[in-house]
1. Going by the conditions given, is L75 part of a helix (DSSP H, G or I) and more than 18 Å from A128 (Cα to Cα)?
2. Can you find, within segment 25-68, the residue that is nearest to G118 (Cα to Cα) among those that are assigned to a loop (DSSP other than H, G, I, E, B) and of a type in the set (V, I, T)?
3. Can you tell me which of L157, L153 is touching a Gly at 6+ places or on another chain (Cβ under 9 Å) and open to solvent by less than 50 Å² (accessible area, probe 1.4 Å)?
4. Of all residues in segment 117-149, how many are open to solvent by 20 Å² or more (accessible area, probe 1.4 Å) and either in contact (Cβ under 8 Å) with a residue 60 or more places away in the chain or of a type in the set (G, A, S) (or both)?
5. Does segment 83-94 contain any residue that is more than 30 Å from L8 (Cβ to Cβ), out of contact with any Phe, Trp or Tyr (no Cβ under 6 Å at 6 or more places or on another chain), buried (at least 18 other Cβ atoms within 10 Å of the Cβ) and β-branched (V, I, T)?
6. Tell me whether segment 122-129 contains one or more residues that are assigned to a loop (DSSP other than H, G, I, E, B), at pLDDT 95 or above and in contact with a Pro (Cβ under 7 Å, 6 or more places away or on another chain).
7. Residue by residue through segment 42-64, note down the ones that are of a type outside the set (D, E, K, R), surrounded by fewer than 16 Cβ atoms within 10 Å (Cβ to Cβ) and in contact with a strand residue (DSSP E or B) (Cβ under 9 Å, 6 or more places away or on another chain).
8. Please count how many residues of segment 130-141 are part of a strand (DSSP E or B) and under 18 Å from P26 (Cα atoms).
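The values are calculated or read from the model by the stated rules, or taken from the named source; none is laboratory data. These numbers come from a predicted model, not from an experiment. In this analysis, Cβ positions are derived from the backbone assuming ideal geometry, glycine residues included, and neighbour counts consider all displayed protein chains. These accessible areas exclude ligands, DNA and RNA; they are computed on the full protein's heavy atoms, side chains included. Shrake-Rupley method; radii C 1.70, N 1.55, O 1.52, S 1.80 Å.
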Amino acid sequence: LPDGRVLLSGVDLAVGRGERIVLQGPSGSGKTTLFRVLAGLWPFGHGRIQVPEGARVLFLPQRPYIPIGTLAEALCYPDKPEQHPTERLAAVLHEVGLSHLADRQHEEANWALALSPGEQQRLAFARALLLEPDWLFLDEATSALDATMEARLYGLLRERLPDATVVSIAHKETVVPFHDTRLVIDPSGRTLRAVPILAGG
């Protein structure tokens, strides 16, 4: 932390292509901070992080960043809409249950205000399907969604992005079965341990 307190120490972890990992721990144990470290947004600490050269990385926070502009711009960010066919944008919106927005791609608005929290999170998943990242980090990215929609979206990630490495922060146990390994932060020892996820959660 900025005041010098240690959240995690001695972490030595390798994550391979296509792995699905869920990160859990008590509130304040450092889960989101670890994501900020991986994103290069946290300057406090020591160590080394390596990612494959040229890998495309996408972070989906609990409240996704949605720029003001057209819906197409909000969906494609950080890409430009002209990099993707209109039909493809409509298709990913349909897949995440936002078919009612497919004809509004060129409409300008402050979509962070126009869309409900659940719609914003579904838009973020549509963005992931569209951009096809190699590494996808989700920080409570389904917190505003019910279990049925959550299962639908995580199922889409597995189906459409089979080679992507997915790392999720989640308090909800319903997220766990969509992953292969559980990483648990133990704040008492400031350590990180891996726990395999057995069939059925």
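1. Working: part of a helix (DSSP H, G or I): yes; more than 18 Å from A128 (Cα to Cα): no.
So L75 does not fit the description; no.
2. To start, the set of residues in segment 25-68 that are assigned to a loop (DSSP other than H, G, I, E, B) comprises 25-30, 39-56, 61-68.
Pick out the ones that are also of a type in the set (V, I, T) and you get 49, 51, 66, 68.
Working: I49: 32, V51: 31, I66: 13, I68: 18 Å.
Step by step, filter segment 25-68, then rank; the result is I66.
3. Numbers: L157 fails: touching a Gly at 6+ places or on another chain (Cβ under 9 Å).
That would be L153, the only listed residue that is touching a Gly at 6+ places or on another chain (Cβ under 9 Å) and open to solvent by less than 50 Å² (accessible area, probe 1.4 Å).
4. Adding up the residues that qualify gives 8.
5. Yes - at least one qualifying residue is present in segment 83-94.
6. The first filter runs over segment 122-129 and keeps only residues assigned to a loop (DSSP other than H, G, I, E, B), leaving none.
No, the conditions are met nowhere in segment 122-129.
7. V51, P52, A55, V57
8. The first filter runs over segment 130-141 and keeps only residues part of a strand (DSSP E or B), leaving 135-139.
Filter again for under 18 Å from P26 (Cα atoms), leaving 138-139.
So the answer is 2.
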